[in-house]
1. Enumerate the pairs (first residue in segment 158-185 and in contact (Cβ under 8 Å) with a residue 40 or more places away in the chain and within 21 Å of Val237 (Cα to Cα); second residue anywhere and among the hydrophobic types (A, V, I, L, M, F, W, C) and part of a loop (DSSP other than H, G, I, E, B)) with beta-carbon separation below 8 Å, excluding pairs fewer than 6 apart on the same chain, so at least 6 apart or on different chains.
2. In segment 66-80, which residues are within 13 Å of Leu16 (Cβ to Cβ) and either touching a strand residue (DSSP E or B) at 6+ places or on another chain (Cβ under 8 Å) or not aromatic (Phe, Trp, Tyr) (or both)?
3. Identify, please: which residue in segment 158-196 is in a helix (DSSP H, G or I) and farther than 22 Å from Asn516 by Cβ and is, among those, farthest from the chain's Cα centre (by Cα)?
4. Under the condition of being surrounded by 14 or more Cβ atoms within 10 Å (Cβ to Cβ) and out of contact with any Phe, Trp or Tyr (no Cβ under 9 Å at 6 or more places or on another chain), which residue from segment 471-485 is farthest from Val237 (Cα to Cα)?
5. Enumerate the helices (runs of 4 or more DSSP H) found wholly within segment 503-600, keeping only those where 2 or more residues are surrounded by fewer than 18 Cβ atoms within 10 Å (Cβ to Cβ).
6. Filter segment 290-349 down to residues that are basic (Lys, Arg) and either within 30 Å of Gln541 (Cβ to Cβ) or under 24 Å from the mean Cα position of the chain (by Cα) (or both), then give me how many there are.
7. Suppose we filter Phe142, Phe106, Phe124 for residues that are assigned by the TED database to the domain that holds Thr60 and within 28 Å of the chain's Cα centre (by Cα); which single one remains?
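The values are calculated or read from the model by the stated rules, or taken from the named source; none is laboratory data. Everything numeric here is computed off the predicted structure, so don't read it as measured data. Here the Cβ positions follow ideal geometry from the backbone for every residue, glycine too, while neighbour counts run over all protein chains shown.
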Amino acid sequence: MSENRSHLEEKYTWDLTTIFPTDAAWEEELASLNQDVDAAKELAGHLLDSSASLFKTTETYMGLMRRLEKLYVYASMKNDEDTTVAYYQELQAKAGALYAKLSGTFAFYEPEFMALSEEAYAEFVKETPELELYNHHFERLFKTKEHVLSQEAEELLAGAQEIFSGASETFSVLDNADIAFPWVTNDKGEVEELTHGNYISLMESKNREVRQGAYEAMYGTYEQFQHTYAKTLQTNVKVHNYKAKVRHFKSAREAAMSANFIPEAVYDTLLEAVNAHLPLLHRYIKLRQKVLGLDDLKMYDMYTALSEVDMAITYDEALVKAEKVLSVLGDDYAARVKRAFTERWIDVHVNKGKRSGAYSGGAYDTNAFMLLNWQDTLENLYTLVHETGHSMHSAYTRENQPYVYGDYSIFLAEIASTTNENIMTEALLAEVEDDKQRFAILNHYLDGFRGTIFRQTQFAEFEHAIHVADQNGEVLTSDYLNNLYGSLNEKYYGISAEDNPEIQYEWARIPHFYYNYYVYQYATGFAAANFLADRIVHGTQEDKDKYLDYLKAGNSDYALNVIAKAGVDMTKVDYLNAAFKVFEERLTELEALVEKGVHL
């Protein structure tokens, strides 16, 4: 049974009084902000009256959003402490309602701004030099101008948003609420109902019959509903293609990637590089088969750990280890990590009602807090440095950028966190001499690489193929989707689709296929992080300084330019090849350990 929160030692909880000293102070600020949002309604229709008006309205909007962010973060994090407390659910709902009100109040902003030419804006800046702060912000808006429709058309599209999201929401309800999986046998020999929540732990079982039972039960259920899932996915793809066409993009992919100003070549380069290195994945699959002692490796054998070693580590030990390892990034970074670890930025332990999982959060004017649900495992050590990477990225960005640029692109978000994970792997491999522990660390890294670079790229290849097929008039029936996914899986894993028929239905259970060209960023981010960690650990002081420049840049430049500051050109294949080189080196070492019989 999880502990009651009131019994937790204070030092293991985050200190949200640094945001608002009391709930009453939060309520006061909510009331004050509500009034200020009401007062801002008079700004509509006057954005371009003068350069001063543009500046004042922009400053007002940014200021209100900044305050709202702080309100929302406090309510959300208080709710996450114990999701059964109705009061904090109510606070979160109030903050959400105010966000909707603020968005509605400033709905005029972009349509009015689009009437301004770049030449007229240049004159505005001469008249009101303070506007220079917003140059990059406005440049991004100007770049989207050709894809913004008339006000009437924009209103029609906005009004149809609930209809557009219908397929995605239907998938979500079907997949999370309506679908029921069979009962299966677990490791203890007990019968339990299969769920999304326990599926992975069952697939990690050392008992092959448990894995097979869960796998066949999962995909047997998706097989029954394959036609419905095909229809929701097909409709969602049609929505993406339709919206792209209406907004004058060549394709749904161009439309999705243009949001972060990422050229499509980045996507194609990823697919080409991963396909060129599939023999490495096939080597790893063969090694997995050898370690597990199987004549015929199946897809349900992919998730069970190859190592028997339990590298247990307590939270306090993990803090010491993380501080030491991350000090490679320099004194300033190390000092910030120490602050996070000692000034109650982290909510550590599981308690009754606490939100599951882990994240890094906070707002522009708060600490970059972290939520954990600590277990004494190697995996949790990696989670700690991962979330610390996000928090350091946020802290550096917020301290070095004004509010308008005080966040960072989704495209870059996972790089800082995963770089820390890779630095940890480098450090552990440098200090651990015991063969069995090295085996466990290498297995952890290679499985992470397989799951992030190879698997997410397989998803990205499938996602692009179905959008192109629909655009070309192909009907995305369940047969079409099954055949496409099955053949891709065979290509990636080198495992016969005929001998693993259930995996052809996996596309039906992946929610990311409704996210609109999102998954590729996991793979590019992981590869960039591999490249950067190697440079940070083995490179020069200049390499570390460049990395900190990336952390400080926020949204002050386009995402590709920001990561270029760290020394990664994501339009070229080099960073991907460098990541595969590390994968091959570590795979070769694991193969050598297996030859020595370390796994026995």
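1. Leu174/Phe225
2. Across segment 66-80, the qualifying residues are Lys70, Leu71, Val73, Ala75, Ser76, Met77, Lys78, Asn79, Asp80.
3. Asp178
4. My answer is Tyr480.
5. Result: 541-553, 559-565, 574-595.
6. So the count comes out to 5.
7. Phe142
So that you can scan it fast, the table gives a plain yes or no per residue for (1) over 24 Å from Gly597 (Cα atoms); (2) touching an Asp or Glu at 6+ places or on another chain (Cβ under 8 Å):
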| site | (1), (2) |
| --- | --- |
| His282 | no, no |
| Val291 | no, no |
| Asp295 | no, no |
| Val309 | no, no |
| Ile313 | yes, yes |
| Asp316 | yes, no |
| Glu323 | yes, no |
